[in-house]
Structures are given as structure tokens and as C-alpha cells.
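The values are calculated or read from the model by the stated rules, or taken from the named source; none is laboratory data. Given the structure is predicted, the values throughout are model-derived calculations rather than measurements. Reconstructed Cβ throughout: ideal geometry from the backbone, glycine too, with neighbour counts over all protein chains shown. What goes into the accessible areas is simple: the full protein's heavy atoms, side chains included, and nothing from ligands, DNA or RNA. Shrake-Rupley method; radii C 1.70, N 1.55, O 1.52, S 1.80 Å.
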Amino acid sequence: QVQLVESGGGTVQAGGSLRLSCVASGDIARTCVGWFRQAPGKEREGVATISPGGATYYADSVKGRFTISQDNDVNTLYLQMNSLKPEDTAMYYCAAGPGCEIRDFHYWGQGTQVTVSS
């Protein structure tokens with residue numbers, strides 16, 4: 001069973017930066033991994049993913065501001081978030097699975113809160 005633990009969330013002013021980390025209990029090199037977020041009263045949405053082949057995908061709302069990366073040597077996934085906006089406020093979750101469509105993400109972390117103040 002794959003276990004994922006996020007960290008790095010917090011409160012930051014608009015325009016600031018945060019880096020989220022997600023440590024996996026197992027090898028994530030051959031899985032699709034990604035970040036999702038959910039704001040109160042809203043549906044969970046995909047933020048960014050990396051395929052097993054290394055292809056990256058970003059939601060239009062975060063392109064140019066967020067960067068997803070992974071370090072397989074330490075089984076860790078990262079999300080560098082720059083130029084944060086209040087609308088980025090949400091619980092952020094890392095996830096992993098055999099594919100990169102939403103239905104393919106079988107393993108989820110507990111989430112880390114990101115709050116961006118005006």
C-alpha cells in the first residue's frame with residue numbers, strides 16, 4: 001500500500017511563494033503523481049501532474065506560477081508555488097496512481113492547507 005504525506009502548507013500573503021512536499025512510502029518512479037486542491041464548497045480540481053514518462057500537465061489557472069517536480073531518490077513530490085493569489089487558497093493533496101486521469105489516482109495524502117491572504 002502506498003502512503004503519501006504532504007507538508008509545506010501555511011499562510012502567505014498574495015504574491016508570495018510556498019513549496020509543498022509529498023513523501024511516498026513506496027517507489028513512485030513508475031506511477032503518475034500529482035497535486036490536487038479543494039476549496040470549501042468547491043469540487044476537487046487537478047493542479048499539476050507528472051506522468052511516468054516525465055510529461056507534466058498544469059491547470060490553466062496555475063500555468064506560469066506553479067512547478068511540479070519529483071525526486072525519485074527520496075520518493076518525494078514537490079509543488080513550487082509562486083505568485084500566489086487568494087484564489088489559490090485550498091487544501092492541497094498529493095496523489096498517485098497508474099495513470100494521469102482523475103479516476104486513475106488511487107492513493108491520496110491527507111492534505112495540507114494553503115491560505116493566501118490579500
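Maximal additional length on extending the H106-V74 stretch stands at 9.4 nm, based on 0.36 nm per residue less the C-alpha distance.
Using a probe of 1.4 angstrom, how much of the accessible area of the chain is carbon and sulfur, in percent? Don't skip to the answer; put the middle values down first.
Details: 2870 of 6200 Å².
Within the chain, the accessible surface is 46 percent carbon and sulfur.
Using a probe radius of 1.4 Å on heavy atoms only, what accessible surface per residue do you get for the chain? Whole Å² is fine. Write down the numbers at each step before the final one.
Numbers: 6200 Å² over 118 residues.
For the chain, the solvent-accessible area averages 53 Å² per residue.
Two-decimal Rg/Rh of the stretch 48-116 from alpha-carbon positions, Kirkwood Rh? Could you put the intermediate results ahead of the total?
Values: Rg = 12.4 Å, Rh = 13.1 Å.
Expressed as Rg/Rh, it is 0.95.
Here is the list for the stretch 1-85: GluC sites (Glu not before Pro) lying in DSSP coil, each with at most 16 other C-beta atoms within 10 angstrom of its C-beta, are E43. A DSSP coil position with no more than 12 other Cβ atoms inside 10 Å describes the following trypsin sites (Lys or Arg not before Pro) in the stretch 38-118: K42, K63. Under the convention that each Lys and Arg Cβ holds +1 and each Asp and Glu Cβ holds -1, the size of the dipole of the stretch 1-79 around its Cα centre is about 220 debye.
The largest-to-smallest principal axis extents of the Cα set in the stretch 1-47 are 35, 23, 14 Å.
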